[in-house]
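Read the structure below first, then the notes.
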Amino acid sequence: MATRTYNPAVRVGNWIEDVQLEEDIIKDFQEKKETGELLIQKTQNVMTNLLKKEQLSNIRENNILMFGDRVNLCHIPTKTLLSAKITELQAQTSSKIMSPCDLSSSLMLDPSPRNVFQICSIDGDIPRKPLSYGQKFILKTLPGPGGELSLWSDRATFTKCAPKSRLPVVQLQNDNSWNVVWEVLFINPQIRMEMEGRPVAIGEPILINHCKTNQHLACMPQYQHRTPYGKEMEVCCKTFLDSHKAETEENIWAFSVQNPQ
């Protein structure tokens, strides 16, 4: 018995549904492209906003740090920068850093909204005067993509602490309480009191002390997280002392107005 054959141009089966499905896929693609919801467009949003190059303050002849300066906060032993730990979801859904935002210490050394901070006074003004040891200040991200959030910390609780070390967490938050107030301490404890009131030098090893908890900002190289920007080190607020009651390398930072070499 001869079988019936069809010309290749003859449509068989659910051909009308297949055509409609292809048209719906193309229409959905065009709608996402017009609204900027394609993954390639969201990735471009990250590059143009959250990772765009920012300008740091210029180096002065006297090398003194001033209120209003745009700086990086460098962890000297690991040569990493304090940076906002923006998740992939946050990067794809927002054009700026949102509160609350965790922090990490990153090997990405190019100045960007993630790692550039401005030194502000506790009353919200930006006086053009040097920042001194023992003087209270607030460290804020830049307006725009940075979100103008403040460096924040508090005592550790069962539900609010650093993910791996379980120590007091450090975040960026839209807050004006005592939790966002910090001070710079001289690294040598033997002459720390004598140095109070003297201006802080750019690039000098320092301690960043949280005024509410009296604990120092710390970088924990032994605890690392996978982020969209590579492996980064955990940051917490904890004072680490050696046998001589001097702070260890976890607490040693420096303000920088140019990329660390």
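The values are calculated or read from the model by the stated rules, or taken from the named source; none is laboratory data. Computed from a prediction, not measured in an experiment: that's the story for all the values here. Reconstructed Cβ throughout: ideal geometry from the backbone, glycine too, with neighbour counts over all protein chains shown. Ligands, DNA and RNA are excluded from the accessible area calculation, which covers all protein heavy atoms including side chains. Shrake-Rupley method; radii C 1.70, N 1.55, O 1.52, S 1.80 Å.
Could you tell me whether GLN215 is open to solvent by 30 Å² or more (accessible area, probe 1.4 Å), modelled with pLDDT of 95 or more and more than 22 Å from GLU88 (Cα to Cα)? Here the answer is yes, as GLN215 does meet what is asked.
Among the residues of segment 83-130 satisfying the criterion of being open to solvent by 50 Å² or more (accessible area, probe 1.4 Å) and touching a Gly at 6+ places or on another chain (Cβ under 6 Å), which is farthest from VAL257 (Cα to Cα)? Among residues in segment 83-130 that are open to solvent by 50 Å² or more (accessible area, probe 1.4 Å) and touching a Gly at 6+ places or on another chain (Cβ under 6 Å), the one farthest from VAL257 (Cα to Cα) is LYS96.
The set of residues in segment 131-169 being open to solvent by less than 70 Å² (accessible area, probe 1.4 Å), assigned to a loop (DSSP other than H, G, I, E, B) and either on the phi > 0 side of the Ramachandran plot or of a type in the set (Lys, Arg) (or both) consists of GLY134, GLY147.
Consider ASP175 carefully, then state whether it is surrounded by 19 or more Cβ atoms within 10 Å (Cβ to Cβ), among the acidic types (Asp, Glu) and in contact with a strand residue (DSSP E or B) (Cβ under 8 Å, 6 or more places away or on another chain). Considered against the rule, which asks whether it is surrounded by 19 or more Cβ atoms within 10 Å (Cβ to Cβ), among the acidic types (Asp, Glu) and in contact with a strand residue (DSSP E or B) (Cβ under 8 Å, 6 or more places away or on another chain), ASP175 comes out as no.
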